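K.L.:
Sharing a structure here in structure tokens format.
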Amino acid sequence: MIRINNIRITPCERFCFNETKDKGLSNAVKAELKKLILKKLRISEDRLIGYDIYKQSIDARKKEDVKVVFSVDVKIKDENSYLRKNRDKDISFIKEEKKEINKIDIKSDKKVVIAGAGPAGLMCALKMAKAGLKPILLERGEDVDKRMKTVQKFWQDGVLNPSSNVQFGEGGAGTFSDGKLNTMVKDKEGYMKEVYHIFVENGADESIMYINKPHIGTDRLKEIVKSIRNKIIQFGGEVHFSAQVTDVFTKEEAGESLKKICGVLLSDGTRIECDNLVLAIGHSARDTFEMLEKKGVYMEQKPFAIGVRVQHPQKYIDSQQYGVFSKYLPAADYKLTYTKEGKRSVYSFCMCPGGYVVNASSEPERLTVNGMSYSGRDGKSSNSAIVVQVSPSDYPGEDALAGMRLQRNIEEEAYKTGKGRIPVQNLEDFAALAKNKYKDIDESVETVCSNEMYFENNEPDCKGLWAYNDLNGFIPKYIAESLLEAFPEFGKSIKGYNSKNTLLLGLESRTSSPVRILRGKNLQSVNVSGLYPCGEGAGYAGGITSAAMDGLKVADAILGLY
């Protein structure tokens with residue numbers, strides 16, 4: 001097979017890539033792509049057998065000359081003869097991937113329980129069920145349909161259901177997000193492609209297989225997770241909702257130095273015996289972390305990040321990223337980082353184009369936020385977490401759960417500040433009041449804020465109740481100081497990013513788990529045999545894709561036993 005890199009198309013009225021206008025590639029774009037393939041190869045159309053898109057991205061380094069860039073895998077007649085004569089560096093031979101279907105049919109009476117129906121738990125259960133094991137998937141929250149109604153009610157009246165919310169329920173925290181699938185995790189084993197294939201098989205658009213920075217959207221994730229659940233049941237697995245694991249049971253085996261997992265206790269008093277337990281509990285399962293600590297399961301502190309959500313009009317972000325080409329392209333995103341020598345890293349996280357800031361709280365009288373977009377990303381505002389590195393040296397203690405207590409403490413103050421509503425403040429006021437509160441902060445309002453731009457109608461775009469408040473009431477000094485240092489630098493990357501009426505919404509505190517449940521090379525807990533810490537909550541993932549990949553990895557480890 002031949003791979004052609006660097007096929008470039010200029011977005012315009014004819015070649016429009018805006019997903020809110022055309023889903024996928026338009027016929028005009030497909031025709032142009034075929035034409036450019038033939039031109040690049042210098043062959044006639046009758047010699048072309050077919051092609052698949054390998055990668056699609058946007059090159060916006062030059063705002064006056066933005067291009068959509070493709071890499072394509074092409075089949076042609078008499079391929080070997082062509083390649084012998086080829087001298088084009090953008091054209092190369094690639095070995096065609098063979099789709100090996102390894103049929104596994106495990107006949108075993110071993111019981112595997114999976115706690116948590118987020119991306120890690122769902123993928124783990126699906127792979128084991130397909131192979132012939134009959135996993136029991138337990139989720140503390142509701143099924144996705146009931147969960148949607150519960151969350152909508154919470155956003156309307158502020159009354160929280162601690163068992164089913166933005167963090168807990170079928171699909172995990174990712175269900176109420178942008179559904180971003182990009183990850184920095186290296187994928188030597190091919191788990192990422194397997195995850196994408198499973199998503200496509202269950203309703204995701206095929207473009208996630210090749211588009212740079214793919215996303216699904218919270219509206220489509222709802223149907224995808226339902227489809228995965230139904231397949232788990234179809235293959236012989238069980239799925240139970242409102243079934244929180246509140247205790248684990250272990251036993252000592254003769255000749256073994258480790259304790260062995262043997263069962264779990266549910267919140268309704270039900271006891272389930274098991275040979276293996278997968279903990280895919282998510283980064284917000286704080287009561288489960290506390291239970292595990294009491295049981296003596298080895299855990300350790302892990303760094304994470306704390307900050308705020310930053311909101312701008314989406315049209316402004318589009319214009320700054322794509323210039324005059326923005327109307328022909330999907331909603332623009334961005335990635336920002338700032339690290340000053342000897343200081344904390346500040347960076348953007350989970351940027352949501354055309355989205356909303358949502359109340360993502362999961363504990364009474366504690367408040368945290370997240371970003372969410374629908375698949376069309378056609379909301380009027382963009383938002384991104386701008387977060388500051390937090391390390392164990394900042395934690396109020398040296399035990400494994402000290403980082404979790406730090407999160408809780410700040411979330412309690414955020415709740416008090418907004419009286420349960422999402423606190424909102426513009427950058428100018430945040431800088432002025434921080435300077436007034438902390439006299440030794442060097443940054444003045446004039447150095448933090450830009451006068452170059454003022455956004456019309458930049459009103460809070462939230463899912464959940466909100467109110468204007470001073471975020472300095474709960475943001476620690478070291479976080480505030482780092483944010484104020486970073487905003488002028490971000491304004492150099494995106495002109496006007498640090499405008500006076502840029503909105504800050506807080507608190508963003510669930511960037512990742514503050515805890516790691518230690519596991520060995522066999523993926524089992526280092527001191528409890530048969531216990532498999534998995535996904536983001538266990539400290540081995542950071543987002544939908546990496547959590548799903550870890551779920552598949554753990555499934556393979558368990559299947560390897562049988």
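The values are calculated or read from the model by the stated rules, or taken from the named source; none is laboratory data. All values reported here derive from a predicted model rather than from experimental measurement. Because the Cβ atoms are built from the backbone with ideal geometry, glycine has one as well, and the counts that use them run over all protein chains shown.
K.L.:
Pairs only if they're at least six apart or on different chains, beta carbon under 6 angstrom, first in the range 341-353 and on the phi > 0 side of the Ramachandran plot, second in a strand (DSSP E or B) and modelled with pLDDT of 95 or more; list them, first residue then second.
P.N.:
Short answer, once both residue conditions are applied: CYS350/GLY371; CYS350/ALA385.
K.L.:
Report, by residue number, each residue of the range 180-237 that is farther than 27 Å from ASP59 by Cα, at pLDDT below 90 and crowded, with 20+ Cβ neighbours inside 10 Å.
P.N.:
Passing the criteria: none in range.
K.L.:
Let me ask another. Could you list all residues from the range 119-150 that are part of a loop (DSSP other than H, G, I, E, B) and within 18 Å of THR246 (Cα to Cα)?
P.N.:
Here is the first cut: in the range 119-150, the residues part of a loop (DSSP other than H, G, I, E, B) are 132-135, 139-143.
Scanning the range 119-150 gives GLU139, ARG140, GLY141, GLU142.
K.L.:
Right, another one. Across the range 506-530, which residue is surrounded by the fewest Cβ atoms within 10 Å (Cβ to Cβ) among those that are polar (S, T, N, Q) and under 22 Å from ASP399 (Cβ atoms)?
P.N.:
Only one residue fits best here, namely ASN527.
K.L.:
Any residue in the range 32-54 that's closer than 16 Å to SER92 by Cα: show its pairings with residues that are of a type in the set (Gly, Ala, Ser) and surrounded by 11 or more Cβ atoms within 10 Å (Cβ to Cβ) at Cβ separation under 6 Å, as long as the two are six or more apart or on different chains.
P.N.:
That search, which allows pairs on different chains as well, returns TYR54/SER71.
K.L.:
Now a separate question. Specify which of the listed residues (GLU293, GLU300, GLU341) is modelled with pLDDT under 95 and of a type in the set (Asp, Glu).
P.N.:
Just one listed residue meets the conditions, GLU341.
K.L.:
Here's another thing I want to ask about it. Out of contact with any His (no Cβ under 6 Å at 6 or more places or on another chain) and in contact (Cβ under 8 Å) with a residue 40 or more places away in the chain, is that true of GLU428?
P.N.:
Values: out of contact with any His (no Cβ under 6 Å at 6 or more places or on another chain): yes; in contact (Cβ under 8 Å) with a residue 40 or more places away in the chain: yes.
Yes, satisfied.
K.L.:
Something else about it: Just to be sure I understand, how many residues within the range 314-340 are touching a Leu at 6+ places or on another chain (Cβ under 8 Å) and either touching a residue at least 24 places away in the same chain (Cβ under 8 Å) or of a type in the set (A, V, I, L, M, F, W, C) (or both)?
P.N.:
Of the residues in that region, 1 qualify.
K.L.:
Of the numbered conditions (1) surrounded by 14 or more Cβ atoms within 10 Å (Cβ to Cβ); (2) small (Gly, Ala, Ser); (3) touching a strand residue (DSSP E or B) at 6+ places or on another chain (Cβ under 9 Å), GLY296 satisfies every one except a single condition; which is it?
P.N.:
Failing condition for GLY296: (1).
K.L.:
Looking at (1) at pLDDT 95 or above; (2) touching a helix residue (DSSP H, G or I) at 6+ places or on another chain (Cβ under 6 Å); (3) buried (at least 24 other Cβ atoms within 10 Å of the Cβ), which is the one condition that is false for PHE176?
P.N.:
(1)
K.L.:
Next question, about the same structure. Just to check your reading of the model, which residue among GLU206, GLU201, GLU139 is closer than 18 Å to VAL113 by Cα, assigned by TED's automatic domain parsing to the domain that holds ILE233, over 18 Å from the mean Cα position of the chain (by Cα) and not aliphatic (A, V, I, L, M)? I'd like the intermediate steps shown before the answer.
P.N.:
Values: GLU206 fails: closer than 18 Å to VAL113 by Cα; GLU201 fails: closer than 18 Å to VAL113 by Cα.
Criteria check complete, one pass: GLU139.
K.L.:
Checking the conditions here, which among PRO533, PRO476 is within 23 Å of THR339 (Cβ to Cβ) and not hydrophobic (A, V, I, L, M, F, W, C)?
P.N.:
PRO476
K.L.:
Consider TYR532 against the criteria (1) under 30 Å from VAL248 (Cβ atoms); (2) out of contact with any strand residue (DSSP E or B) (no Cβ under 9 Å at 6 or more places or on another chain); (3) at pLDDT 95 or above; (4) not polar (S, T, N, Q): it satisfies all of them except one. Which criterion is unmet?
P.N.:
(2)
K.L.:
Return the residues of the range 151-176 that are within 16 Å of ALA280 (Cα to Cα) and in a helix (DSSP H, G or I); say none if nothing qualifies.
P.N.:
Within the range 151-176, ALA173, GLY174, THR175 meet the criteria.
K.L.:
Take the conditions touching a His at 6+ places or on another chain (Cβ under 6 Å) and either at negative phi or not assigned by TED's automatic domain parsing to the domain that holds ILE53 (or both) and apply them to LYS180. Does it pass? Working first, answer last.
P.N.:
On the way: touching a His at 6+ places or on another chain (Cβ under 6 Å): yes; either at negative phi or not assigned by TED's automatic domain parsing to the domain that holds ILE53 (or both): yes.
When the stated conditions are applied, LYS180 passes them.
K.L.:
Restricting attention to the range 213-247, which residues are within 15 Å of the chain's Cα centre (by Cα) and not in a helix (DSSP H, G or I)?
P.N.:
LYS213, PRO214, HIS215, ILE216, GLY217
K.L.:
Just to verify a result, which residue in the range 258-281, among those that are modelled with pLDDT of 95 or more and assigned to a loop (DSSP other than H, G, I, E, B), is surrounded by the fewest Cβ atoms within 10 Å (Cβ to Cβ)?
P.N.:
Out of the qualifying residues, it is GLY269.
K.L.:
Follow-up question, since we're still on this one. Taking the criterion of being closer than 21 Å to THR250 by Cβ, within 25 Å of the chain's Cα centre (by Cα), at pLDDT 95 or above and not polar (S, T, N, Q), would at least one residue in the range 495-516 satisfy it?
P.N.:
Taking the range 495-516 as the starting set, the residues that turn out to be closer than 21 Å to THR250 by Cβ are 515-516.
Checking the rest, the ones that are also within 25 Å of the chain's Cα centre (by Cα) come to 515-516.
Filter once more, so that each one left must be at pLDDT 95 or above: 515-516.
The next check asks that each one be not polar (S, T, N, Q); those that pass are 515-516.
Looking for residues that are closer than 21 Å to THR250 by Cβ, within 25 Å of the chain's Cα centre (by Cα), at pLDDT 95 or above and not polar (S, T, N, Q), one finds at least one in the range 495-516, hence yes.
K.L.:
If you don't mind, another one. Restricting attention to strands (runs of 3 or more DSSP E) lying wholly within the range 14-99, give those where 2 or more residues are within 30 Å of SER375 (Cα to Cα), outside the structural domain of ILE211 (by TED's automatic domain parsing) and more than 28 Å from the chain's Cα centre (by Cα).
P.N.:
Output list reads 48-59, 67-76.
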